[in-house]
Amino acid sequence: MTADAPSGDPRVRPLADAVLLWCGGMGPAADAVRAACEAAAAGAEGPELLMLAALPERDASY
């Protein structure tokens, strides 16, 4: 997360959870992309958040 959107922010908490699961091999990357979209729609900001939200979910196999 960036300084603009601390992980304690309720708008990005689901994103933090999805990224942790993905990094640990326990969740799909598409969930992180979807959570980034939801966080951005809720008003969270930050360049990294917006870059993740802009990724095509269907290509999220990384």
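Read-outs throughout are calculated quantities, based only on the coordinates presented, and are distinct from any laboratory measurement. Keep in mind the model is a prediction, meaning the values are calculated, not measured.
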query: So what is the calculated 222 nm ellipticity per residue for the chain, using -39500 (n - 2.57) for each DSSP H run with n of 4 or more, over all residues, to the nearest 500 deg cm²/dmol?
result: -15000 deg cm²/dmol
query: For the chain, modelled as a GNM with alpha-carbon contacts under 10 angstrom, which of Ala30, Ala41, Ala16 fluctuates the most?
result: Ala41
GNM flexibility winner over the chain from Pro28, Pro47, Pro14 (Cα, springs under 10 Å): Pro47
field: Folded to 0 to 90 degrees: helix 13-23 orientation relative to the chain principal axis, Cα
entry: 30
query: Once both axes come from the Cα atoms, what is the angle between helix 29-41 and the longest principal axis of the chain, in degrees from 0 to 90, rounded to 10?
result: 20
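What per residue convex hull volume, in Å³, comes out for the chain when only alpha-carbon positions are used?
Details: hull volume 4.2 nm³, N = 62.
Cα convex hull per residue, to the nearest whole number: 68 Å³.
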